[in-house]
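Structure, as structure tokens:
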Amino acid sequence: MLATELIAEWIEELQRQVRRRVECLSAEELAWRPDLGGNPVGITVWHFGRWLDFMAVCALEGRPQDEQQWLTRGWATRTGYDPRGIGEFGYGTLTGYTIEEVNQVPALTAEELLTYLDQTAGALHEHVLALDPTKLKQLAAGSVSPEPDGSGRRTVETLTILQWLTGILTGSFRHTGEIEALNAMRTRIKAAAQSPGTPHGGTVSSAIHTKHPVMPSQ
């Protein structure tokens, strides 16, 4: 099996794992937070969907931000939310967001979150399979990301194609573990609240934070 084929299967497995954990969640469950500083499941899925979008379009293909799936598939128009210029380096991926900025991210249904993830993962999957495996250790396109008004441009971090793929994908898989933990925490707290005399609380302080960068380090 070629290295690129293995990475492509990894992308497919990410989609399967997220769908299994998210597809049956209600709007309330997607928005549930362990505390005010923790990100809910819905925001977490959007977060790594955004990273897959940015990586495929800007970092690997060297195209501008306005060609990302969030823009070209009409998500920005439908939700009224344009993430460009927000957060770390203006990538709009949730990394580096303040709590106030996190709270501005639109709430999507489970179906919408999975559709966006399928679009971004699908585009990345197609890109990876088209890659020459011998070029994985070459530097990525080194794209530039324009500001929303087109007034400024900044160069993305210089990494190899393989560093981008392994860094973002391993980060995404870590977030699936956070999603599972959030689901289990929410279920336990709900069950305890419905069972008189059962001790509960206390565990909520162990908040799950998803705002840390999933970018690979050099």
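The values are calculated or read from the model by the stated rules, or taken from the named source; none is laboratory data. All values reported here derive from a predicted model rather than from experimental measurement. For neighbour counting, all protein chains shown are included, and Cβ atoms are generated from backbone atoms with ideal geometry for every residue, glycine included.
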With surrounded by 14 or more Cβ atoms within 10 Å (Cβ to Cβ), in contact with a helix residue (DSSP H, G or I) (Cβ under 6 Å, 6 or more places away or on another chain), at pLDDT 95 or above and at positive phi as the only criterion, which of LEU94, LEU52, LEU30, LEU14 stands out?
LEU94
Matching residues in segment 63-92 (outside any loop (DSSP other than H, G, I, E, B), farther than 21 Å from HIS127 by Cα and not hydrophobic (A, V, I, L, M, F, W, C)) number 5
For segment 19-37, pairs from a residue that is in contact (Cβ under 8 Å) with a residue 40 or more places away in the chain and among the basic types (Lys, Arg) to a residue that is surrounded by fewer than 16 Cβ atoms within 10 Å (Cβ to Cβ) and assigned to a helix (DSSP H, G or I), with Cβ under 7 Å and 6 or more apart or across chains, are ARG21/GLU180
How about segment 1-28: which of its residues are in contact with a Pro (Cβ under 7 Å, 6 or more places away or on another chain) and in a helix (DSSP H, G or I)?
ALA3, THR4
Pairs please, first residue from segment 73-87 and closer than 13 Å to GLN104 by Cα, second anywhere and part of a loop (DSSP other than H, G, I, E, B) and hydroxyl-bearing (Ser, Thr, Tyr), Cβ atoms under 7 Å, 6+ apart in sequence or on different chains.
ILE86/TYR97; GLY87/THR93; GLY87/THR95; GLY87/TYR97
Within segment 29-40, track down each residue that is hydrophobic (A, V, I, L, M, F, W, C) and part of a loop (DSSP other than H, G, I, E, B).
TRP32, LEU36
Can you tell me which residues in segment 93-131 are assigned to a loop (DSSP other than H, G, I, E, B) and more than 16 Å from ILE168 (Cβ to Cβ)?
TYR97, THR98, ASN103, GLN104, VAL105, PRO106, ALA107, LEU108, THR109
